[in-house]
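The values are calculated or read from the model by the stated rules, or taken from the named source; none is laboratory data. Treat the numbers as computed from the prediction; the structure is a model and nothing was measured. Cβ coordinates were reconstructed from backbone atoms using ideal geometry, including for glycine residues, and neighbour counts include every protein chain displayed.
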Amino acid sequence: MGGRPLLFFILIFICLILTALVGSSASNEAAAAAAAAPRHYSIPFNRSSFPASFIFGAGSAAYQTEGAAHIHGKGPSIWDTFTTKHQEGKVKGGVNQEGVKFYNNLINELLSNGIIPFVTLFHWDLPQALEDEYGGFLNHKIVGDFQDYADFCFKTFGDRVKHWITLNEPVTYCVNGYNGGTNAPGRCSNYVGNCTAGNSATEPYIVGHHLLLAHAHSANLYKKKYQASQKGQIGISVVTYWYLAKSETAASKRAASRSLDFVFGWFAHPVTFGDYPQTMRASVGDRLPKFSKEETKLLKGSLDFLGVNYYTSSYADVSSLSTSNVNQSFFGDMHTSLSTEKNGVPLGSATALSWLYIYPKGIRELMLYIKEKYNDPEIYITENGVGEANNSSQPLNDALKGSTRIRYHSLHLSYLLKSIKEGVKVRGYFAWSFLDVYEWDAGYTVRFGLTYVDYKNNLKRYLKYSAYWFKMFLLK
């Protein structure tokens, strides 16, 4: 893969085991921030409430945190605006040894500090060279190139990385990138969004199909070639809301179920059962690609664990929109109307983000749903968090407080523990995010981090109150 970092696709989930987080702090934490830290804790609900083997951590993503976009031979991804000559983008085109060195150093540093790396191979930053050459994930050629890339990662880093995630939030990549066009590569029909090219009726499903095949072939390769000797695991991370029926009518209940099938089941169903949910087949029809018998065999059970990203919930009801064959799109195919309130009452506590209401009950309901419907898999909560607006005029000490984030994580962990006690095999919980990062189409306007990053002062970092709370939670 051309460019530094070598792994354009990579996402490091920094999974901090107890001794790692308790024994560490930000090296450049300012005295003002330390003085602002809360002094007294009494946390009866804490790390000891969870199984001893349960892993706690926090996540970050390569494109969102690393920077260095124009140096060390790094080629552009579809999120970059490079005008220079594109790098090759394939393993067979040559490997950038600076990229290999960078990730070797990172992995070794994590391990030396008692931190378990969970590595995701694709978090949306596809090499621009592959987009230019054959349309990226719109073309079946991506499956072979992705497998080559995965093979290189397993071979190079698998002696130390024991938890691999092939894809992060493939539904987000498909819907935002190819249905609405708000994320790279910015493709959609003109009746859906402001794009110069694209087809919202077909492209999200084509891209999703190739993502699933890339996962299946890479997971199969790992299991056959590396797993026995490296003794690791491989999975996929899927994001979803929890959907509640807005009324007690049968139609409303079907709408909630259908929403889960389209958003969660689109990817969770094939990797569990080998095909798309029947509701998607019935609604999308011939626009939804079909798997061959061999592909179904590769997909079925192609994971050792399931990563789940959960942030919020939504009410679902039957859509009043026309269901004609004109202006087809993903949300039109779902035939569902989504809302955050019922009878004027919000679903949960509002936050600074219009789409994110605090509904911690949803994480328990989702876990029980997955256990019952998806063969009781081992689960890691690979993302869970809440953001606040980036207020550049806010004093630093005020910006570090963030009581909403503390309440958010505490409540979600409480409901997650309930699901564990009810038999769900949840093995870990990773807060999003380790530090404030570039939040894709929201840029730097939103902060999800446990660590505050001062974008105006050489990227200095300060632990927020939520980081101190998390640290004390793990101390008990």
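Take region 156-184 and flag every residue that is in a loop (DSSP other than H, G, I, E, B), of a type outside the set (Gly, Ala, Ser) and surrounded by fewer than 23 Cβ atoms within 10 Å (Cβ to Cβ). Selection gives ASP159, ARG160, VAL161, LYS162, THR182, ASN183.
Looking at region 159-184 only, could you name the residues that are of a type in the set (Ser, Thr, Tyr) and touching a helix residue (DSSP H, G or I) at 6+ places or on another chain (Cβ under 8 Å)?
Residues satisfying the conditions are THR166, TYR173, TYR178, THR182.
Of the residues making up region 370-387, those that are in contact with a Leu (Cβ under 7 Å, 6 or more places away or on another chain) and under 26 Å from ALA350 (Cα atoms) are ILE381, VAL386, GLY387. Just one of (1) surrounded by fewer than 17 Cβ atoms within 10 Å (Cβ to Cβ); (2) modelled with pLDDT of 95 or more; (3) over 24 Å from the mean Cα position of the chain (by Cα) fails for GLU295. It is (1).
Return yes or no: is TRP432 in contact (Cβ under 8 Å) with a residue 24 or more places away in the chain and closer than 30 Å to LYS371 by Cα? Steps first, answer last, please.
Values: in contact (Cβ under 8 Å) with a residue 24 or more places away in the chain: yes; closer than 30 Å to LYS371 by Cα: yes.
Against the criterion (in contact (Cβ under 8 Å) with a residue 24 or more places away in the chain and closer than 30 Å to LYS371 by Cα), TRP432 qualifies.
Is region 388-395 home to any residue that is within 20 Å of GLY59 (Cβ to Cβ) and either out of contact with any helix residue (DSSP H, G or I) (no Cβ under 8 Å at 6 or more places or on another chain) or among the small types (Gly, Ala, Ser) (or both)? Yes, that holds for at least one residue. Just one of (1) part of a loop (DSSP other than H, G, I, E, B); (2) touching a strand residue (DSSP E or B) at 6+ places or on another chain (Cβ under 8 Å); (3) over 15 Å from THR240 (Cβ atoms); (4) not acidic (Asp, Glu) fails for TYR429. It is (1). Kindly provide the set of residues from region 413-445 that are surrounded by 16 or more Cβ atoms within 10 Å (Cβ to Cβ), aliphatic (A, V, I, L, M) and either over 19 Å from TYR465 (Cα atoms) or touching an Asp or Glu at 6+ places or on another chain (Cβ under 6 Å) (or both), ordered by number. Listed by number, the residues that qualify are LEU416, LEU417, ILE420, VAL424, VAL426.
Against the test of being closer than 16 Å to VAL263 by Cα and either of a type outside the set (Lys, Arg) or within 23 Å of the chain's Cα centre (by Cα) (or both), the options ILE206, ILE165 yield a single qualifying residue, ILE206. Taking VAL453, is it outside any helix (DSSP H, G or I), surrounded by fewer than 21 Cβ atoms within 10 Å (Cβ to Cβ) and either touching a Gly at 6+ places or on another chain (Cβ under 7 Å) or among the aliphatic types (A, V, I, L, M) (or both)? Here the answer is yes, as VAL453 does meet what is asked. One residue stands out in region 235-279 among those that are in a helix (DSSP H, G or I), of a type in the set (A, V, I, L, M) and over 17 Å from the mean Cα position of the chain (by Cα): the one that is surrounded by the most Cβ atoms within 10 Å (Cβ to Cβ), namely ALA255. The residue that is surrounded by the most Cβ atoms within 10 Å (Cβ to Cβ), among those in region 337-360 that are free of Cβ contacts under 8 Å to residues at least 60 places away in the same chain and not in a loop (DSSP other than H, G, I, E, B), is ILE358. When each of LEU353, LEU288 is tested for being of a type in the set (A, V, I, L, M, F, W, C) and in contact with a strand residue (DSSP E or B) (Cβ under 9 Å, 6 or more places away or on another chain), the lone residue that passes is LEU353. Quick check: is even one residue across region 214-231 of a type in the set (Ser, Thr, Tyr), assigned to a loop (DSSP other than H, G, I, E, B) and buried (at least 17 other Cβ atoms within 10 Å of the Cβ)? Within region 214-231, none of the residues are of a type in the set (Ser, Thr, Tyr), assigned to a loop (DSSP other than H, G, I, E, B) and buried (at least 17 other Cβ atoms within 10 Å of the Cβ).
Within region 365-407, the set of residues being crowded, with 23+ Cβ neighbours inside 10 Å and free of Cβ contacts under 8 Å to residues at least 60 places away in the same chain comprises just one member, MET367.
If you scan region 432-450, which residues turn out to be of a type in the set (A, V, I, L, M, F, W, C) and assigned to a loop (DSSP other than H, G, I, E, B)? Reasoning before the result, please.
Taking region 432-450 and keeping what is of a type in the set (A, V, I, L, M, F, W, C), we get 432, 434-435, 437, 440, 442, 446, 448, 450.
Residues satisfying the conditions are PHE434, LEU435, VAL437, PHE448, LEU450.
Of all residues in region 306-336, those satisfying the criterion of being part of a loop (DSSP other than H, G, I, E, B) and in contact (Cβ under 8 Å) with a residue 60 or more places away in the chain are TYR310, TYR311, THR312, SER319, ASN327, GLN328, SER329, HIS335.
State all residues of region 291-315 that are hydroxyl-bearing (Ser, Thr, Tyr) and touching a strand residue (DSSP E or B) at 6+ places or on another chain (Cβ under 6 Å); if no residue qualifies, say none.
The first filter runs over region 291-315 and keeps only residues hydroxyl-bearing (Ser, Thr, Tyr), leaving 292, 296, 302, 310-315.
Scanning region 291-315 gives SER313, SER314, TYR315.
Of the residues making up region 47-69, those that are touching a residue at least 12 places away in the same chain (Cβ under 8 Å), of a type outside the set (A, V, I, L, M, F, W, C) and either closer than 30 Å to TRP124 by Cα or crowded, with 16+ Cβ neighbours inside 10 Å (or both) number 9.
Could you list all residues from region 53-81 that are of a type in the set (Ser, Thr, Tyr) and assigned to a strand (DSSP E or B)? Matches in region 53-81: SER77 only.
Would you be able to tell me the number of residues in region 97-147 that are over 27 Å from ILE379 (Cα atoms), among the hydroxyl-bearing types (Ser, Thr, Tyr) and outside any helix (DSSP H, G or I)? Matching residues across region 97-147 total 0.
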